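K.L.:
Submitted below is the structure of interest, expressed as structure tokens.
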Amino acid sequence: MRIAVAGATGNIGTLTVAALERDGHEVVRVSRSLGVDLLTGQGLDDALTGVEAVVDATNAPPGDRAATVEYLGTTTRNLLAAEARSGVRHHVLLSIAAVARVEGNAHYAGKREQERLVAEGPVPWSIVPATQFHDFAEMVAAWTERDGVATVAPLLIQPIAPADIADVLAELAQGEPQGRYADVAGPETQDLVDMARRTHEARGRKVRLVPTWSGIFGVGMAGEVMLPGEGARIAPTTFDAWLAQQS
């Protein structure tokens, strides 16, 4: 198949491209750095010529709620419209598990807008809600780290290896539209602060972590809110196994 990956140069996009090429497919990389701009639509029609399925693994730049919703809404509308013009038969959107249960977070609001547009759009679709990735804790700590100290919310999550979710996206892109797919998660629950500590140790870094709900993740995300729902698809790679590959 000829399959396009939007956000092809990002973390999950790069791995999804690799998974599709491993399976023998022709992959079209959609990224601003490669001359295709989802925000303006420039280059989209040419990129999607002959494409049968599109995986959207894009992300939004940091911003407030209104800016994030506007960004993801605009890029999704442009992508869906170009797909409809090109005859794309399947749109696969990477989303977030528990996205409907979290208010007050700009990124989650943007993802809900993406989901709405895809579900109401002109192209048959699959929405894939994934839990946080194994590298999420390190990324969150990096956002706040100052002089060797970082604040991290004590979230309870069930993280998934980036390569595992990429494999799921590649698998679904090759098949028929599924509508809203089951939540996809890793095999074990983890505490975000502990994940950050262990990741830093594996990389030989010393960062003092301060657990707090005062940042972008509020107490509305505490407890089991972030965990996958019933009937989740469980990916195989544990956090320990992923971490062993990072050192």
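K.L.:
Calculate, for the range 148-234, the solvent-accessible area per residue in square angstrom, rolling a 1.4 angstrom probe over the heavy atoms of the protein chains.
P.N.:
With the other protein chains kept in place, the range 148-234 gives 45 Å² per residue.
K.L.:
Could you tally the net charge around T238, taking each other residue with its Cβ under 11 Å from the Cβ of T238, Lys/Arg +1 and Asp/Glu -1?
P.N.:
Net charge around T238: -3.
K.L.:
What order, most packed first, do the peptides 127-137, 166-176 have when packing is the mean number of other Cβ atoms within 10 Å of each residue?
P.N.:
Peptide ranking by packing, descending: 127-137, 166-176.
K.L.:
Tell me the label-point distance for the pair D240, D194, using the 7 Å Cα-to-Cβ offset, in nm and rounded to one decimal.
P.N.:
Label-label distance for D240 and D194, simple model: 1.2 nm.
K.L.:
For the range 1-131, build the charge dipole from Cβ charges (+1 Lys, Arg; -1 Asp, Glu) around the Cα centre, then report which of A4, P61, L34 sits farthest towards its positive end.
P.N.:
Final value for the positive-end residue is P61.
K.L.:
Another question, then. Arranged from highest to lowest average of other beta-carbon atoms within 10 Å per residue, in what order do the peptides 208-215, 225-232, 192-199 appear?
P.N.:
In decreasing order of mean packing, 208-215, 225-232, 192-199 become 192-199, 225-232, 208-215.
K.L.:
In bins 10 Å wide, starting from 0, what share of all Cα pairs of the chain does each bin hold, as a percent?
P.N.:
Percent of pairs per bin, in order: 8, 31, 36, 20, 5, 0.
K.L.:
With a 10 Å radius around each residue's Cβ, average the other Cβ atoms per peptide and rank 40-47, 144-151, highest first.
P.N.:
40-47, 144-151
K.L.:
Once phi is turned into θ = phi - 60°, what whole-Hz ³J(HN,Hα) does the Karplus curve with 6.51, -1.76 and 1.60 give for every residue of the range 213-218, x standing for Gly and Pro?
P.N.:
9, 7, x, 6, 9, x
K.L.:
Let me ask something additional. So how tilted is helix 106-120 from the main axis of the chain? Cα-based, degrees 0 to 90, rounded to 10.
P.N.:
Between helix and principal axis, roughly 30 degrees.
K.L.:
Follow-up question, since we're still on this one. Please give the Cα centre distance for the range 149-171 versus the range 110-139, rounded to the nearest Å.
P.N.:
14 Å
K.L.:
Turning to a different aspect of this structure: I'd like the carbon and sulfur percentage of the solvent accessible area for the range 156-216, probe radius 1.4 Å, heavy atoms only, ligands and nucleic acids excluded.
P.N.:
Roughly 47 percent, rounded to a whole number.
K.L.:
Starting from the Cα gyration tensor of the range 161-247, take the square roots of the eigenvalues, sort them a ≥ b ≥ c, and report rounded, prolate or oblate (rounded when a/c is under 1.5, otherwise prolate if a/b is larger than b/c, else oblate).
P.N.:
oblate
K.L.:
Could you let me know the centre-to-centre spacing of the range 40-103 and the range 185-213, using Cα atoms, in angstrom?
P.N.:
If we compute the Cα centre of each part, the gap is 31 Å.
K.L.:
Same structure, new question: With a sphere of radius 12 Å drawn around the Cβ of I12, what net charge do the other residues whose Cβ falls strictly inside it have (Lys, Arg +1; Asp, Glu -1)?
P.N.:
Net local charge, I12 excluded: -4.
K.L.:
Once the Cα atoms of helix 192-202 and of the chain are each reduced to a long axis, what angle between those two axes, in degrees from 0 to 90 to the nearest 10, is obtained?
P.N.:
For helix 192-202, the angle is close to 90 degrees.
K.L.:
Once the piece of chain linking R32 and E224 is laid out straight, how much longer is it, given 0.36 nm per residue of separation minus the C-alpha distance between them?
P.N.:
65.4 nm
K.L.:
Given Cα pairs under 8 Å that are at least 6 residues apart, what percent is the relative contact order of the chain?
P.N.:
Rounded, it is 20 percent for the chain.
K.L.:
Take the solvent-accessible surface of the protein heavy atoms, probe 1.4 Å, and return the percent of it on the range 1-147 that carbon and sulfur atoms account for.
P.N.:
Reported share for carbon and sulfur atoms: 53 percent.
K.L.:
Then there is this: Relative contact order of the range 1-115, please, whole-number percent, based on alpha carbon pairs below 8 angstrom and at least 6 residues apart.
P.N.:
27 percent
K.L.:
Another one. Apply the Karplus parameterisation 6.51 cos²θ - 1.76 cosθ + 1.60, with θ equal to phi minus 60°, to every residue of the range 26-33 and state each ³J(HN,Hα) to the nearest whole Hz, in sequence, with x for glycine and proline.
P.N.:
With coefficients 6.51, -1.76 and 1.60, one gets 8, 10, 9, 8, 10, 7, 4, 5 Hz.
K.L.:
Can you show me the helix-derived [θ] at 222 nm for the chain, built from DSSP H runs with n ≥ 4 at -39,500 (n - 2.57) apiece and divided by the number of residues, rounded to the nearest 500.
P.N.:
Helices in the chain give a 222 nm mean residue ellipticity of -11500 deg cm²/dmol.
The values are calculated or read from the model by the stated rules, or taken from the named source; none is laboratory data. Not measured: the values here are computed from a predicted model. Methodologically, a virtual Cβ is constructed for each residue, glycine included, from the backbone with ideal geometry; neighbour enumeration extends over all protein chains shown. Please note that ligands, DNA and RNA were not included when accessible areas were found on the heavy atoms of the full protein model with its side chains. Shrake-Rupley method; radii C 1.70, N 1.55, O 1.52, S 1.80 Å.
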